[in-house]
Amino acid sequence: MESSTLQHCVAHRGILSVAVLGSRHAGKSTLLGHLLVKIGGMEPQGMAQRLARAEQDANDAGQRDAAYAWVVYKRKAERNLSSTLDLNVHCCSTKKHKITFTDTPGTREAVRFLARGVAGQDAA
């Protein structure tokens, strides 16, 4: 996890923390990416550009339907596999709330990350 993301999340922790759980290829990252784009996400002024770049990159890779997931993937390997490999934490703010979302891997082998990702969450 990037230290700036971690510092931002720690500064806003305690308001609302949500873990996104589900099996592999269930659409967890796509759901989260879509939600972040709709509410303005991590960088409200830059979300349109971030989505446009993700759409272009996904198109170039032949994964046109993966654009929203690519908004939240932080590593090239995740894009190549179309799968979350580690916990991805995303913080955002609305006019009323500060929210920390944790995108968790869905593979059977990644169950240990689920325990880490859900510990201390307000909702899952």
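The values are calculated or read from the model by the stated rules, or taken from the named source; none is laboratory data. This is a predicted model, so every value here is computed, not measured. Methodologically, a virtual Cβ is constructed for each residue, glycine included, from the backbone with ideal geometry; neighbour enumeration extends over all protein chains shown. These accessible areas exclude ligands, DNA and RNA; they are computed on the full protein's heavy atoms, side chains included. Shrake-Rupley method; radii C 1.70, N 1.55, O 1.52, S 1.80 Å.
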Residues within region 88-107 that are closer than 22 Å to Q63 by Cβ, surrounded by 18 or more Cβ atoms within 10 Å (Cβ to Cβ) and over 8 Å from the mean Cα position of the chain (by Cα), tallied: 3
Single residue of region 71-83 satisfying the filter (touching a residue at least 40 places away in the same chain (Cβ under 8 Å) and within 9 Å of the chain's Cα centre (by Cα)) that is most open to solvent (accessible area, probe 1.4 Å): K74
Condition broken by R53, with the remaining ones in (1) without any contact (Cβ under 8 Å) to a residue 40 or more places away in the chain; (2) surrounded by 17 or more Cβ atoms within 10 Å (Cβ to Cβ) satisfied: (2)
Every residue from region 34-43 that is part of a helix (DSSP H, G or I) and open to solvent by less than 20 Å² (accessible area, probe 1.4 Å): L36
Residues within region 41-85 that are among the acidic types (D, E) and closer than 17 Å to A26 by Cβ, tallied: 2
Extreme residue, modelled with the lowest pLDDT, among residues of region 96-112 that are farther than 21 Å from L16 by Cβ and out of contact with any helix residue (DSSP H, G or I) (no Cβ under 6 Å at 6 or more places or on another chain): R112
Qualifying residue in region 18-33 (condition: modelled with pLDDT under 85 and in a helix (DSSP H, G or I)): no
